[in-house]
Structure formats: structure tokens, C-alpha cells
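Working notes for the structure below.
The values are calculated or read from the model by the stated rules, or taken from the named source; none is laboratory data. Keep in mind the model is a prediction, meaning the values are calculated, not measured. Using ideal geometry, Cβ is built from the backbone for each residue, glycine included, and neighbour counts are taken over all protein chains shown.
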Amino acid sequence: MEPSELPTPEAIRRALEEFWAETLEVAATPDGLSLAIPLCYPDGWQILLDLHPLTPGVVRLSDSGRTLHGLAGGGQNIEAVRIKELLIERAEAFHIQRDGWELYRDARLPLAGMDIHLFAEGLADISRLCNLYEATPKTRNVVRETVERVFQERAIPVQQGIRLDGKLEKHIQVDYFARMNRPIAMEVISRRDNITPFMEQWGFRWRDLCDLTPNLLPAMIFDPAVSELDETALSIGNSVCELFCAYDETNRINAFLESAGR
């Protein structure tokens, strides 16, 4: 190609700016803003970010759990030693922090475009761990597969990793949320140990959420082969949840969803 046939720098800049303008989407949400970034996960889905105020002059960019949910849902064992090491390395490189499933980065106002771009790049980089071979067998999350199948069979639209406000605590993230006649908030118990402190924390969260939204139906699903629930944990779950059961009790899950739709 002759030099004269090359596009001008201005033409290249215009092409990229047009691509960004066509692909970037920013929409208001009850908690802040939702951003669709011109970057994709390995499965081709566009990267979505949530932005909400944290403190005066500081905002939080969050993936609302989408990245790690995607890895786990694809069969990657994100708790395997080597995967956890690589996850920590990538998070540190892009100044990303983790809280359970959520990956986030706090930034000061006025917000710099670089902050948004590097956070999205970091999520894309972390999502590529799905292609890494790990000697530890990848795990199927049968609890989530079962829950999601039941929602699909009943044709119930469900949101994953959504944040809800309680009366005292704000931005409580739940695994599944369905807007029905009585809205459903559902959490999957995926940990093996320290269950009682976890349940104590969720006991407060469920009551706090119901104080603000009295018709909310809290639910928690677990795998009895993985999570060892003592009497205290079981008592908390049964007292604060409308449904607290093992994942294979699909009759109870279906009955719960049917009652929520009435």
C-alpha cells in the first residue's frame, strides 16, 4: 500500500470516536448510572458497569458480580489456588478490589475517562481466566444451575447480582432478584465454612431489606453436601427467610415461586 492510500490520522480518530459513540451507552438507574462499555467478555457479551455515589466526591465503579459469576458459571474453579493467585495479580495490576462476587474500583470526582477504561480493561483481563487450564478439576455449580433452570422453566425474568437498599444498610447485593407480585430476593450459600457468622450477617440484611420493602420474599438455597449448617445457622435461615432449603428440593422452590406470582 502506498503512503498516499493510508487514512489520515484525523480519519482514524473520527472512526474510533464514531465507534465509541455508537457502542457506549449510559443510562440512569435508581442507584446511579449504568454503563455499557465498548469492550467484551470472552463470550461476546458487552461489559456492563454500575456507577453509584459512595461518599462526597467519591464514586464506585462496580461490575455487580458479573465477571466472577461468568467465570464460575462457565465452570472455572475461582477458588482453586492458582486461579486465586492470578485473580489477585490481575486485580492489583488494575487497582481493582473484590468483595465476594463483586469487583469494584473507587474513584474521585471529577471522574477521569482513564479510570473507567482501566477498570473495564481489568474486568476483561480477569474474565480471560476462563481459558486457563487448572490442574484442579473445574467445579460445576449445581446449586446455581438448578435455581436458574427453575426460573427459566417458569419463564420468570430474573436479575443477577443486583443491589437492593435496606432501611439502614444500602447497596446489599443479592444473587437473584425477580420482580413479581411479591418481589423475590434469593441468595445462594456457596461457602463451606464460617457459615454461622455468614448467616448472622444475612439475618440482619434480610430483616433490614424487609423493613424497607415489607412485601419482599427472602430466600436462601444451599447444597447440604458442601455447606455444613449447624443448628444456629439453620434456625436463622428458617426464621428470616420465606424459603430456606436445599437446591434439590425443587418442589419447594417451585411452590415458593408460584406463591410469589399470585
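Quick look at the numbers
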read-out	value
Some residue of segment 125-146 being among the acidic types (Asp, Glu), surrounded by 13 or more Cβ atoms within 10 Å (Cβ to Cβ) and assigned to a helix (DSSP H, G or I)	yes
Meets criteria (outside the structural domain of Arg192 (by TED's automatic domain parsing), of a type in the set (Asp, Glu), assigned to a helix (DSSP H, G or I) and closer than 15 Å to Ser127 by Cβ) for Glu89	yes
Condition broken by Ala28, with the remaining ones in (1) at pLDDT 90 or above; (2) of a type in the set (Gly, Ala, Ser); (3) crowded, with 17+ Cβ neighbours inside 10 Å satisfied	(3)
Residue match in segment 45-62 (condition: without any contact (Cβ under 8 Å) to a residue 60 or more places away in the chain and within 22 Å of Glu145 (Cα to Cα))	yes
Selection status of Ala80, at pLDDT 90 or above and not basic (Lys, Arg)	no
Condition check for Trp101: aromatic (Phe, Trp, Tyr), out of contact with any strand residue (DSSP E or B) (no Cβ under 9 Å at 6 or more places or on another chain) and not assigned by TED's automatic domain parsing to the domain that holds Ile189	no
Neighbours by Cβ (under 7 Å, 6+ apart or cross-chain): first from segment 195-210, assigned by TED's automatic domain parsing to the domain that holds Lys170; second assigned to a helix (DSSP H, G or I) and among the β-branched types (Val, Ile, Thr)	Thr196/Thr232; Met199/Ile236; Glu200/Ile236; Gly203/Ile236; Gly203/Val240; Trp206/Val240; Arg207/Val240
Residue tally, condition at pLDDT 90 or above and out of contact with any Ser or Thr (no Cβ under 8 Å at 6 or more places or on another chain), over segment 41-52	1
Any hit, segment 113-120, residues being part of a helix (DSSP H, G or I), among the charged types (D, E, K, R), more than 17 Å from the chain's Cα centre (by Cα) and not assigned by TED's automatic domain parsing to the domain that holds Arg192	yes
Single residue of Leu39, Leu87 found to be aliphatic (A, V, I, L, M) and surrounded by fewer than 19 Cβ atoms within 10 Å (Cβ to Cβ)	Leu39
Residues (under 12 Å from Leu243 (Cα atoms) and exposed (fewer than 15 other Cβ atoms within 10 Å of the Cβ)) located in segment 182-201	none
Single residue of segment 148-164 satisfying the filter (touching a residue at least 60 places away in the same chain (Cβ under 8 Å) and part of a loop (DSSP other than H, G, I, E, B)) that is surrounded by the fewest Cβ atoms within 10 Å (Cβ to Cβ)	Arg154
Segment 202-261 - residue that is in a loop (DSSP other than H, G, I, E, B) and of a type in the set (D, E, K, R) and, of those, surrounded by the fewest Cβ atoms within 10 Å (Cβ to Cβ)	Asp230
Every residue from segment 96-120 that is closer than 29 Å to Val188 by Cβ and of a type outside the set (Val, Ile, Thr)	Gln97, Arg98, Asp99, Gly100, Trp101, Glu102, Leu103, Tyr104, Arg105, Asp106, Phe119, Ala120
